[in-house]
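The structure appears right after this line, and notes come after that.
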Amino acid sequence: MTALTLEIEKKARRLPPAERERLAERLLAPLAKTRLTAIEEAWVAEAECRYAAWKRGQRKAVPAARAIAGIRKELNR
């Protein structure tokens, strides 16, 4: 690897895990010939925001069974 590549890797390793994961996805997507759609990108951003809020204690976790029950209830309206 070049010195520039090694420096970029060093800086990338200092990123928070969620940002490193997002960066890795963006770098690997063209290689896999599959790109995230705008909707998928928006959901990733929303999930990251919600996770960050949960980590800061600004949101409470909801048990999966309760969340799914709520979704089913909304869909049956």
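Readers should treat all values here as calculations from the given coordinates under stated rules, not as data from a laboratory. The shown structure was predicted, so the numbers you read here are calculated from the model rather than taken from an experiment. In this analysis, Cβ positions are derived from the backbone assuming ideal geometry, glycine residues included, and neighbour counts consider all displayed protein chains.
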Checklist entry - Which of (1) more than 29 Å from THR5 (Cβ to Cβ); (2) part of a helix (DSSP H, G or I); (3) not hydrophobic (A, V, I, L, M, F, W, C) is the odd one out, the single condition GLU19 does not satisfy? => result (1)
Checklist outcome for this item: Output for Cβ contacts, cut-off 8 Å, separation at least six or different chains, first residue free of Cβ contacts under 8 Å to residues at least 60 places away in the same chain in the range 12-32, second outside any helix (DSSP H, G or I), reads LEU23/LEU15; GLU25/LEU36; ALA29/ARG35; ALA29/LEU36
Item to check | Hits in the range 56-73 - residues which are surrounded by 11 or more Cβ atoms within 10 Å (Cβ to Cβ) and either of a type in the set (D, E, K, R) or in contact with a Cys (Cβ under 7 Å, 6 or more places away or on another chain) (or both) | outcome: ARG59
Checklist entry - In this structure, does GLU74 turn out to be under 19 Å from the mean Cα position of the chain (by Cα) and of a type in the set (Asp, Glu)? => result no
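Scan the range 31-55 for residues that are assigned to a helix (DSSP H, G or I), exposed (fewer than 10 other Cβ atoms within 10 Å of the Cβ) and either in contact with a strand residue (DSSP E or B) (Cβ under 6 Å, 6 or more places away or on another chain) or of a type in the set (Val, Ile, Thr) (or both) and jot them down.
ILE39, the sole residue that qualifies.
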